[in-house]
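Novice: Before I ask anything, here is the structure I am working with.
What follows is calculated from the coordinates using simple rules that are stated; it is not laboratory data. On a predicted model such as this, the values are computed, not experimentally measured, just so you know. Counting neighbours? That spans all protein chains shown, and the Cβs are built from the backbone with ideal geometry, glycine included.
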Amino acid sequence: MTSSAAAEPQRYLEAQIRWRPLEIVFWLATLLPFVLTPSYLVLASQIAITALFALSLDLILGYAGIVSLGHAAYFGFGSYTAGLIAKWGWGEPLSGLIIAAAAAGLLGYLTSFIIARFRHLALIMITLGLGLLLAEAANSASWLTGGADGLQGVRMWNLLGIFPFDLYGTAAYGYALAMLFLLFLVARRLINSPFGLALRGIRENAVRMPAIGAPSPAHIRKIYTIAAVIAGVAGALLAQTTETVSLETLSFQRSADVLVILILGGAGRLYGGIVGAIIYMVARDQLSDINPQYWYFWIGTLLVAVVIFLPNGILGGLARLMPSGRSRA
Amino acid sequence: MRQTLVGFAVFAAAILAFAPAEAQQTIKIGVILPYSGQFADPGAQADNGIKLYMQQHGDTVAGKKIEIVRKDTGGIAPDVAKRLAQELVVRDKVDLLAGFSLTPNALAAADVSAQAKKFMVVMNAAASIVTTKSPYMARVSFTLPQLNEPLGVWAYKNGVRKVYSIVADFAAGHDAEAAFQNAFKAAGGEIVGSVRYPVVNSDFSAFVQRAKDMNPEAIFVFVPGGSQSPAIAKALADRGIDPRQTKVMAQAELTDEQALKNMGDTALGIITSAHYDYNHDSKLNKEFVAAFNAAFKRNPDFFAVGGYDGMRLIYEALKKSGANTDGEALIAAAKGMAWESPRGPMSIDPATRDVVQTVYMRRVEKVGGRLVNVEFDKIENVKDPVKARSAN
Amino acid sequence: MIASAFGVLFDGFAYGMLLFLLSVGLSVTLGMMNFVNLAHCSFAMLGGYVAVTLTNEIGWPFLASLPVAFLAAAVVSVAFERVLYRRLYRATDLDQCLLTIGIVFISVAVAAYVYGTIQQPLNVPAYLRGTVSVMGQSVGVYRLFLIGVALVVTLVLVATLEYTRFGAQVRAAVDNQRMARGLGIDVDRVFAITFALGSGLAGLGGALAIEIVGLDHAFAFTYLVYVLIVVAVGGLGSIAGSFVAATLLGISDMAGKYYFPELGAFLIYFVMVTLLMWRPAGLFGRR
């Protein structure tokens, strides 16, 4: 009884971590834009960045159950850090990215002490409040951030010394996609580990976890910091690929958008953020072209339809439809 | 996961559905404006101006057909504006860029104009530095210092010595504050106090109270339009500040048509500086207003005239360059161009590529039962003072 | 100094009362059914637009348009509840958020389409404008009116809650839904009525708000944050909580702007975060 029971979680995790053929196809497909639609690479890069940001939110929302309305704080913090580093003369992308990610992680680590103590509506509103405070601070510190006009003078050097960030967005998409894939692998590993299982336990029943020996607050702080790092990377990517940073990166609007995207795709499924980002941003781009003034209406209808017909997000709804659909990971 | 099939399918379908359009005998203009969100109305008015000009002058210039590709920024979103500009250049293969109601968006898109060497016409964004960001950019709207410095000079000349200033706490507010205060202080006046209010503010009573505490002769205000114009007028009235006694001075947004409707008689006496008003008494303007009303059932405002004059600049520059859409050719054609606009005479300064125009001083009065801005003074050939000073 | 302090308090209290009217409905319905209705401010916006249409297009007196704004919002909310919300009572919080955000998007687009994106003008009757002298201080008449309406509403709500059978059922359902059902109380019906009332109050608030903060197509978004702040700080399911929280926030917002304008919007968020860290369930919250 003891040896086989102990082997079960191990085997479960091993089964989860194997690559499914569809996943391989998906990641190969992300290379298609280079060939099929080279004029859409800038959009593709921004979709990849949004997907990465949504992935970071999934780690805390989908897996640890922390609903945050202020996650853009780390995105924007990473964005401004990367932008300022470049503005002050160091335009090397990768090192700038690492520093920005570390800065966002530090901010995440500090705030995680507050986050870990609260739940439910109080937590949501506190994350909202902290996000809004940071956005206000950035507006006030316009000598540093450029205020509403945005950060000017961000000039990036060539990626890896070879690829320039040009009008076509080739380097931008390659860079963003590489980071997305890399951090996706990290997230995947994290989720399919005992730590990941513990997080799911916290999400389901936070009160009981300490009873089985899992230190909830410590786990929450850890995942929150990691999510902040990843969000910071996404923000830094945006700053570097567009060579501009605005207050909008810290805004409530961005926090709300990424939350909508994640729920749309399906939280707690690792691919939910990516699917949500693709669908939301492509829909927005196309609808806004067709009808610049009222695309909001169609997006709203899409959201309502998804909730009614595909509960638990697109991936969740599809899982329900598939007979052998896997239950929530 | 099976579910990733959806992501893949959607991704592939989305990619494959797109097909770039090809055209030879057309000139494509990429128009980037905020068609949705908080700034949707200025965007709509600018677009109306563009449509009216094309309606009146046809859609063929120098033998080529003009095609407009519209993109929505949704508000202040420099990364989106830059991406849209990039896509317009790379994907839609536009020949020139136009629009830009908001400074941050204009600044971001300027990069694309400079890199791709595309002629860019700014139809509203008003910060002084905008035109410095790309050598192929011309502006037809106005700059904040252009409107606010004359206001400071005028105030002193008309006996005002003590002013309290209330501005919105963001870049445009700071610019307006600096422009007014510098001009006023240079003339010899005293700023007895100033406050910057948070941009998303709806209740001005606290700020007006602060102003009232200082007992100034005049209050200088900058609000970015929208709901804040009537809100501040009401706050002034609530605190018993009558614009006819204590002068209230601002640039045009404070007393635009919608704001006046909302403010009612509390607006009487407010003094504003502007480059355009639909009541401006000139034959050209009366025709413009009539045509605008016939087409869109509302009066034009300075956003609309920005769109209108922007299109005029594009058309005339194309004619002058012989339909050569090269950025160098068009900007060379645009420099120094002068014409009579519904707003009055205007021209593009060859040195800065910025607009030079007449600034009108107006006061809100009741004419024929309606509240209107009545012009009582004007300053001609005003260049953007900030760039003019740095050039000397 | 006293004069200005009084002015700040008065204006802050008036603003707070406006927030109270907008938020009380959400607080009670959230507390009762745990249904996250982010489209609450869309109903407020509807009330506002109804008032504007009645007074501007049809020429009704402003005061007469207020009850209609209330009714319109209530009726529309009942329709939404029947058709859409009912299906999602058992759904996750996140799904409820997504649905109601979708409704907000739709309402904003519809408002823009029907009314345009401009600020809606509303000219209140002359007897509601200007200032009047109260105990030597000059106060805005409209703000006084707003406070009056809000206090009357509060009294009616509290009286209903304390002295009527329906009120008792509401209190029972908020306290412990399952127990209430077990006792034979038709919680769904109680909730439907409460939801309609709450949305109606939001509509009334929306109509009253125009004179103070203006109305445009984005109203449903703009005020959502403030309403959420009031509800969270006040505590779910509590009228007293909403009242106190709204007052506190209105006054601190006004005081902050007067005494520390450089801090600007900081103060209201800072106050909210601190209060929630001290009392996570809200000032009058239960859980």
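Novice: When the Cα atoms of the range C:13-78 are enclosed in a convex hull and the volume is divided per residue, what value in Å³ results?
Specialist: Details: hull volume 5.8 nm³, N = 66.
Per-residue hull volume (Cα only) is 89 Å³.
Novice: To continue, here is another question. In degrees between 0 and 90, to the nearest 10, how far off the longest principal axis of chain C does helix C:219-234 point, with axes built from Cα atoms?
Specialist: Long axis of C:219-234 versus the principal axis of chain C: about 70 degrees.
Novice: How would you classify the range B:107-255 from its alpha-carbon gyration tensor, with a ≥ b ≥ c the square roots of the eigenvalues: rounded for a/c under 1.5, else prolate if a/b is greater than b/c, otherwise oblate? Don't jump to the answer; show the numbers that get you there.
Specialist: Working: a/c = 2.76, a/b = 1.83, b/c = 1.51.
Since a/c reaches 1.5 and a/b is larger than b/c, the shape of the range B:107-255 is classed as prolate.
Novice: Here's something else I'd like to know. Suppose we keep just the DSSP beta bridges with both residues in chain B; what percent of those would be antiparallel, to 5?
Specialist: Values: 23 of 61 bridges.
Among the beta bridges of chain B, antiparallel pairing accounts for roughly 40 percent.
Novice: State log₁₀ I(q)/I(0) for the range A:6-163 at q = 0.09, 0.11, 0.12 Å⁻¹ as given by the Debye formula over alpha-carbon point scatterers of equal weight, solvent excluded.
Specialist: Per q value, in the given order, log10 I(q)/I(0) is -0.44, -0.65, -0.76.
Novice: Given a cut-off of under 8 Å on Cα pairs at least six residues apart, what relative contact order in percent is computed for chain B?
Specialist: On the way: 804 pairs, mean separation 65.6, N = 392.
Rounded, it is 17 percent for chain B.
Novice: How many angstrom lie between the C-alpha centres of the range A:235-270 and the range C:1-80?
Specialist: Computed from Cα coordinates, the inter-centre distance equals 32 Å.
Novice: Using the Kirkwood radius built from alpha carbon pairs, what does the Stokes-Einstein equation give as D for the range C:50-101 at 25 °C and 0.890 mPa s, in µm² per second? Show your work: numbers first, answer last.
Specialist: Numbers: Rh = 12.9 Å.
In µm²/s, the coefficient is 191.
Novice: Ranked from highest to lowest mean number of other Cβ atoms within 10 Å per residue, what is the order of the peptides C:205-213, B:37-45, B:376-384? Each step should come with its number before you reach the end.
Specialist: Details: C:205-213: 26.3, B:37-45: 24.8, B:376-384: 16.3.
So the order, starting with the most tightly packed, is C:205-213, B:37-45, B:376-384.
Novice: Give the angle, between 0 and 90 degrees and rounded to the nearest 10, that separates the Cα long axis of helix C:187-213 from the longest principal axis of the Cα atoms of chain C.
Specialist: Compared with the principal axis, the helix lies near 20 degrees.
Novice: While we're on this one: Tell me the Kirkwood hydrodynamic radius of chain A in angstroms, computed as one over the mean inverse distance between distinct C-alpha pairs. Don't jump to the answer; show the numbers that get you there.
Specialist: Details: mean 1/r = 0.0489 Å⁻¹.
Hydrodynamic radius (Kirkwood, Cα only) of chain A equals 20.5 Å.
Novice: Partner chain Cβ atoms within 10 Å, averaged over the residues of A:25-34 - can you pull that number for me?
Specialist: Numbers: counts 3, 9, 2, 1, 7, 3, 0, 5, 3, 0.
Shielding by partners across A:25-34 averages 3.
Novice: Here's another thing I want to ask about it. I need the semi-axes of the equivalent ellipsoid of chain B: take the C-alpha gyration tensor, multiply each eigenvalue by 5, square-root it, list largest first in whole angstrom. Intermediate values should be presented prior to the final figure.
Specialist: Details: eigenvalues 286, 117, 80 Å².
Working from the Cα gyration tensor, I get semi-axes of 38, 24, 20 Å.
Novice: Let me ask you something else. With a ≥ b ≥ c taken as the square roots of the eigenvalues of the C-alpha gyration tensor of the range B:66-109, please select rounded if a/c is under 1.5 and otherwise prolate if a/b is larger than b/c or oblate if it is not? If you can, show how the numbers build up before the last one.
Specialist: Details: a/c = 2.02, a/b = 1.64, b/c = 1.23.
Prolate, because a/c is 1.5 or more and a/b exceeds b/c.
Novice: Moving to a separate point now. How much of the pair distance distribution for chain C lies past 22 Å, counting alpha-carbon pairs only, in percent?
Specialist: Details: 23750 of 41041 pairs.
Result for the distance tail: 58 percent.
Novice: Between B:Val200 and B:Gln25, what length comes free when the chain is fully extended (0.36 nm per residue of separation minus the Cα-Cα distance, one decimal in nm)?
Specialist: Values: separation 175, 0.36 × 175 = 63.00 nm, distance 4.68 nm.
Additional length available on full extension: 58.3 nm.
Novice: Let me ask something additional. Mind pulling the per residue volume of the convex hull built on the Cα atoms of the range C:153-287? Å³ is fine.
Specialist: Working: hull volume 16.6 nm³, N = 135.
Expressed per residue, the convex hull around the Cα atoms of the range C:153-287 is 123 Å³.
Novice: For A:Thr301 and C:Asn34, what does the FRET efficiency come to when R0 = 22 Å and r is the distance between their Cβ atoms, rounded to the nearest 0.05? Write out the running numbers ahead of the final one.
Specialist: Numbers: r = 26 Å, r/R0 = 1.16.
Calculated transfer efficiency: 0.30.
Novice: So, one more: If each DSSP helix of 4+ residues adds -39,500 (n - 2.57) and the sum is divided by the residues in chain B, what number results at 222 nm, nearest 500 deg cm²/dmol? The partial results should precede the final answer.
Specialist: Values: 13 runs with 166 residues, N = 392.
The per-residue figure over chain B is -13500 deg cm²/dmol.
Novice: Calculate for chain C the 222 nm mean residue ellipticity that helices alone would give, adding -39,500 (n - 2.57) per DSSP H run of length 4 or more and normalising by residue count, nearest 500 deg cm²/dmol.
Specialist: On the way: 11 runs with 207 residues, N = 287.
Value at 222 nm, helices only: -24500 deg cm²/dmol.
Novice: Also, I was wondering about something else. State the Cα centre-to-centre distance between the range A:24-93 and the range B:187-253 in whole Å.
Specialist: The distance from the Cα centre of the range A:24-93 to that of the range B:187-253 comes to 43 Å.
Novice: If R0 is 22 Å, what FRET efficiency do you get for A:Ile98 and A:Asp166 from their C-beta distance, rounded to 0.05?
Specialist: Working: r = 23 Å, r/R0 = 1.06.
The calculated FRET efficiency here is 0.40.
Novice: Give the Debye-formula value of log10 I(q)/I(0) at each listed q (0.07, 0.10 Å⁻¹), with one equal scatterer per alpha carbon of the protein assembly as shown, two decimals each.
Specialist: Those come out to -0.61, -1.27, one per q.
Novice: Can you tell me, using C-alpha contacts under 8 Å and at least 6 residues apart, the relative contact order of chain C as a whole percent?
Specialist: Numbers: 444 pairs, mean separation 110.1, N = 287.
Relative contact order comes out at 38 percent.
Novice: Sort the range A:129-224 into rounded, prolate or oblate with this rule: let a ≥ b ≥ c be the square roots of the eigenvalues of the Cα gyration tensor; rounded if a/c is under 1.5, and if a/c is not under 1.5, prolate when a/b is larger than b/c, oblate otherwise. Don't skip to the answer; put the middle values down first.
Specialist: Details: a/c = 4.30, a/b = 1.56, b/c = 2.77.
Oblate is the answer for the range A:129-224, as a/c is 1.5 or above yet b/c matches or exceeds a/b.
Novice: Give me the percent of DSSP beta bridges within the protein assembly as shown that run antiparallel, rounded to the nearest 5. Before the final figure, lay out the partial values.
Specialist: Working: 29 of 67 bridges.
In the protein assembly as shown, approximately 45 percent of DSSP beta bridges are antiparallel ones.
Novice: Can you flag which of B:Lys185/B:Lys283; B:Lys286/B:Lys383; B:Lys71/B:Lys234; B:Lys185/B:Lys378 are past 32 Å Cα-Cα?
Specialist: Details: B:Lys185/B:Lys283 38 Å; B:Lys286/B:Lys383 26 Å; B:Lys71/B:Lys234 36 Å; B:Lys185/B:Lys378 21 Å.
B:Lys185/B:Lys283; B:Lys71/B:Lys234, as the Cα separations exceed 32 Å there.
Novice: For the Cα atoms of chain B, what angle does the longest principal axis make with the long axis of helix B:144-157, in degrees from 0 to 90, nearest 10?
Specialist: 20 degrees
Novice: In addition: Given a Förster radius of 35 Å and the C-beta distance between B:Gln56 and A:Leu36 as r, what FRET efficiency does 1/(1 + (r/R0)^6) yield to the nearest 0.05? Each step should come with its number before you reach the end.
Specialist: Details: r = 42 Å, r/R0 = 1.21.
It comes out at approximately 0.25.
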